[in-house]
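Some notes on the structure that comes next.
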């Protein structure tokens, strides 16, 4: 057993678990880790803020399908990443947050140590699946193996690993721990039989696909085609069935046409979705007696709805069971393609009515989003009123969006993380001006990496959604204007290209050009909407 420092032990454990990329910032208390990283094949991406590191790890995890890793130092650094940890929790994204902690012998009541926090471990434990503080160098390999096993088993969630800073410098004879291979779970045979009976007799089946189905691309398509079922998706499920497929209605469960389709359905098959208010917006849809639900998480099985049939297991495995049980059966409803096309047109009409100010933006972005492109969106009206339904994507994790947490500042660093995932997909960042200001310094990160990243900033002069809500409440409208910010100049100051566009019609060519540039390109576009009035 080799004798290693705690920092070197941690890096070796990450290497053993197939980690290729880590996002983070060095600090006084984690220098032992960075010393080991200097000799490691792991690529350390130096972000400009710990929150950006967390969001980048989230984007990397969604697109790569592997856990992301965010490395910070103690106290304020890991607390800076807490919003990203909360976002990863809400959208079920596996991110390992790693930080040093106070020394093993640190007084429980504190003594004013540098970066001291009242209870750092408790702060993280309140947000992620669990926070674990190791107590010896020898424990580090097992703690990392446990973290990866937890993130790869059942519903993926972020976790936090805290290594006391004195252990990072200490040395010990270390026994390495090999990764634990997760076992995929199948649904019970009686539940599969019950689901199959209902699906065989369904005349108007509909499918809802959530983010938990991203690994079941082929099975989703197979079941949809076997049932001839129109497919709706959540924001995080968008693209799991290619949105150019004839049965794909699209994303945007809150639209009236989506609700009408579900109300008319005699059977609804929901895969990997909480049926959450953050997707439905306007109250629950009552599906219980018509609902067949597939979810890997037993507790999610009865969240927001209690299905008639419960299929607990991994989405690709359970859908494979259904395909086998259904055999060569074709969908009973011969008008299914007509139903899907009518629903798609209805969804498009709803989106056009709701998102009229962003229609030209959507039309300009759509031609540049091909089968390999990822759109990384921020919590901005241009995304949830525009791109969510209006821009078709063609791959799983093709639309990155902070659905559950609804955090601002997600889009740019998530786009950076997604750009660094294996196979290096084309990525477009779509931001509002308010959200852009949260993590704008990450433009410097993207520039240092030489990413050919188009960053579209749709500017309504501030926090437009909040301005509208204030007005709707008949409250005084205040504290929502950010003033005129020269975003292209700010981008150029951080090593990027920057350009203002006069009209959304210029966006298609500008994005295509940005994909071939040797650095990121910020494209600034003024919004013409209610939010810009007064």
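Within the group 187, 172, 195, 191, which residue is part of a loop (DSSP other than H, G, I, E, B), in contact with a strand residue (DSSP E or B) (Cβ under 7 Å, 6 or more places away or on another chain) and touching a residue at least 24 places away in the same chain (Cβ under 8 Å)?
On the way: 172 fails: part of a loop (DSSP other than H, G, I, E, B); 195 fails: part of a loop (DSSP other than H, G, I, E, B); 191 fails: part of a loop (DSSP other than H, G, I, E, B).
Every option except 187 fails the conditions.
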Checklist entry - In the range 461-478, which residues are exposed (fewer than 12 other Cβ atoms within 10 Å of the Cβ) and either in contact (Cβ under 8 Å) with a residue 24 or more places away in the chain or not in a loop (DSSP other than H, G, I, E, B) (or both)? => result 472
Item to check | Scope the range 201-220; condition part of a helix (DSSP H, G or I) and at pLDDT below 95; matching residues | outcome: 201
Next on the checklist: Restricting to the range 28-50, give me the number of residues that are out of contact with any strand residue (DSSP E or B) (no Cβ under 6 Å at 6 or more places or on another chain) and surrounded by 23 or more Cβ atoms within 10 Å (Cβ to Cβ).
Outcome noted: 2
Item to check | Test: residue in the range 512-528 that is more than 21 Å from residue 451 (Cα to Cα), modelled with pLDDT under 95 and buried (at least 19 other Cβ atoms within 10 Å of the Cβ) | outcome: yes
Checklist outcome for this item: Quick count over the range 479-498, residues being touching a residue at least 12 places away in the same chain (Cβ under 8 Å) and not in a loop (DSSP other than H, G, I, E, B), is 7
Checklist entry - Can you tell me which residue in the range 420-440 is surrounded by the most Cβ atoms within 10 Å (Cβ to Cβ), limited to those that are in contact (Cβ under 8 Å) with a residue 60 or more places away in the chain and outside any strand (DSSP E or B)? => result 439
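For (1) touching a helix residue (DSSP H, G or I) at 6+ places or on another chain (Cβ under 8 Å); (2) within 20 Å of residue 376 (Cα to Cα), each residue gets a yes or a no:
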{"site": "468", "(1), (2)": "yes, no"}
{"site": "485", "(1), (2)": "yes, no"}
{"site": "488", "(1), (2)": "no, yes"}
{"site": "498", "(1), (2)": "yes, yes"}
{"site": "507", "(1), (2)": "yes, yes"}
{"site": "520", "(1), (2)": "yes, yes"}
Item to check | Per-region count, the range 226-261, residues farther than 29 Å from residue 367 by Cα and in contact with a strand residue (DSSP E or B) (Cβ under 6 Å, 6 or more places away or on another chain) | outcome: 1
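For the range 507-520, name all the residues that are in contact (Cβ under 8 Å) with a residue 60 or more places away in the chain and assigned to a helix (DSSP H, G or I). Write out each step before concluding.
Initial filter on the range 507-520 (in contact (Cβ under 8 Å) with a residue 60 or more places away in the chain): 507-508, 511-512, 514-520.
Of everything in the range 507-520, those that are in contact (Cβ under 8 Å) with a residue 60 or more places away in the chain and assigned to a helix (DSSP H, G or I) turn out to be 507, 508, 511, 512, 514.
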Next on the checklist: Condition first: free of Cβ contacts under 8 Å to residues at least 40 places away in the same chain and surrounded by fewer than 19 Cβ atoms within 10 Å (Cβ to Cβ). Now tell me which residues in the range 3-27 satisfy that.
Outcome noted: 15
Checklist outcome for this item: Being more than 22 Å from residue 215 (Cβ to Cβ), buried (at least 24 other Cβ atoms within 10 Å of the Cβ) and in contact with a helix residue (DSSP H, G or I) (Cβ under 9 Å, 6 or more places away or on another chain) narrows 408, 443, 449 down to just 443
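Each row is one residue, and each column tells you yes or no for (1) within 28 Å of the chain's Cα centre (by Cα); (2) surrounded by 17 or more Cβ atoms within 10 Å (Cβ to Cβ); (3) within 18 Å of residue 272 (Cα to Cα).
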residue: 187; (1), (2), (3): yes, yes, yes
residue: 198; (1), (2), (3): no, yes, no
residue: 203; (1), (2), (3): no, no, no
residue: 206; (1), (2), (3): yes, yes, yes
residue: 212; (1), (2), (3): yes, yes, yes
residue: 221; (1), (2), (3): yes, yes, yes
residue: 240; (1), (2), (3): yes, yes, yes
Item to check | Segments classed as helices (runs of 4 or more DSSP H), wholly inside the range 270-378, with at least 2 members that are over 24 Å from the mean Cα position of the chain (by Cα) and surrounded by fewer than 23 Cβ atoms within 10 Å (Cβ to Cβ) | outcome: 315-326, 336-354, 359-365
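Residue by residue through the range 420-440, note down the ones that are over 21 Å from residue 510 (Cα atoms) and either touching a helix residue (DSSP H, G or I) at 6+ places or on another chain (Cβ under 8 Å) or at pLDDT 95 or above (or both).
As a first pass, look at the range 420-440 and keep what is over 21 Å from residue 510 (Cα atoms): 420-423, 434-435, 437-439.
Residues satisfying the conditions are 420, 421, 422, 434, 435, 437, 438, 439.
Which strands (runs of 3 or more DSSP E) sit wholly inside the range 1-111 and have at least 1 residues that are over 30 Å from residue 378 (Cβ atoms)? Break it down into steps so the answer makes sense when it comes.
Values: elements: 3-5, 21-24, 43-46, 68-71, 95-101.
Result: 3-5, 95-101.
The values are calculated or read from the model by the stated rules, or taken from the named source; none is laboratory data. These numbers come from a predicted model, not from an experiment. For neighbour counting, all protein chains shown are included, and Cβ atoms are generated from backbone atoms with ideal geometry for every residue, glycine included.
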